[in-house]
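Values quoted throughout were computed directly from the atomic coordinates according to the rules given, and no laboratory measurement underlies them. What you see is a predicted model, and the numbers here were worked out from it, not measured in a lab. Here the Cβ positions follow ideal geometry from the backbone for every residue, glycine too, while neighbour counts run over all protein chains shown.
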Amino acid sequence: MNAMLTDDRIESMRSTVMNAVDGDIKRRGTRTRRAVGLAAASVLVVGFGTIGVKTLSDSQNIATSGSDSSSSAGDSKVIEGGGDSSGASAPEAYANEDAGRNSVTDEAASDGASQLDADREVIVTGSVSVTVSDPRGSAQKVSAYVDSIGGRVDSRSESSDDKYEAAYLEVRVPSNKVTATIAKLKTYGSVTNVSLQNQDVTSQAQDLDARIDALKLSIKRLQKIMADATTSNELIKAEGALTQRQEQLESLSAQRASIADQVQLSTLSIELSEKAKADSVSPGGFKGGVIDGWNALVSTLNNIVEFLGIMLPWAAIAVVLYGAYRLIAPRREWN
């Protein structure tokens, strides 16, 4: 049965066909967009993965090169089996490297301690007693030796009598020559006494140095103030302050110089004495013995006579008293 195609029916058919075509076009567009999105995502994933791998590889290379550069050229060359060209294993090489570092550290610490010792300022004083055969001659030798090592003799005295002779010296010797000086004294005789005292004045010297530097800076500032002064009042005040600072600087400089002199030259009091002589006995033989015996007898008799002379007055008094007693006693009996 053939239906008649009217305008409405034709329009309805056209709309249906166009809607179907539009739907098909939309479905194809969606699939295309999805495919394009998947492809783009795949490209991004692959790109980022490549960049990450490259970055990781570069980091490993940098770490490897840094580790290699920290070891020495001779010790870092490793052969198959874990050994190096010298035949030592890798742990041994590392141990040797650590030992070397520790040795360098110890040497640095030793150098630091030596530097600290060198910076210390110590005043050394002492006394030495020496028994010699010729004190005067030895004193002359000591003086000559002290002069030869750059020291000086501050005082020297000598004394002697029939039984004893001695010489006394107070010398200043370089602080690094104290031991050598004592050793030299041993060549002149027998050293019987050595006494040394050390006084560390490092802190005192450093304090004086700091105060001196501060005063010098203050003096420079005051001199500048005087140069820039515009009134006589300012000039007078600056001059007064400058005079005071200069007096303080001179006093501190004198103290510092005294300390430096005592540190540089140590003070030693040296006593050079002769061994005491024994009492001498003149040989007399038989004649000397007779003389000594006679002298002893005479001395004894003199002592006895002296004793009798002392007792004689007392004996006379005793006789008188006894006689008086004998006279009085019979009369009492008669009565």
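When residues in the stretch 162-188 are screened for being under 25 Å from the mean Cα position of the chain (by Cα), under 15 Å from GLN264 (Cβ atoms) and not charged (D, E, K, R), 6 of them pass. Exactly one of (1) under 17 Å from SER127 (Cα atoms); (2) surrounded by 18 or more Cβ atoms within 10 Å (Cβ to Cβ) is unmet by GLU165. Its number? Only one criterion in (1) under 17 Å from SER127 (Cα atoms); (2) surrounded by 18 or more Cβ atoms within 10 Å (Cβ to Cβ) is unmet by GLU165, namely (1). Applying a threshold of 6 Å to beta carbon distances and a minimum spacing of six or more residues, or different chains, the list of pairs starting in the stretch 121-146 at a residue that is farther than 24 Å from ALA260 by Cα and ending at one that is part of a helix (DSSP H, G or I) and not acidic (Asp, Glu) reads VAL130/LEU185; VAL132/SER138.
Just wondering, is there one or more residues in the stretch 256-265 that are over 35 Å from the mean Cα position of the chain (by Cα) and surrounded by fewer than 15 Cβ atoms within 10 Å (Cβ to Cβ)? Walk me through it before giving the result.
Just the residues of the stretch 256-265 that are over 35 Å from the mean Cα position of the chain (by Cα), to begin with: none.
So far as the stretch 256-265 goes, no, none of its residues is over 35 Å from the mean Cα position of the chain (by Cα) and surrounded by fewer than 15 Cβ atoms within 10 Å (Cβ to Cβ).
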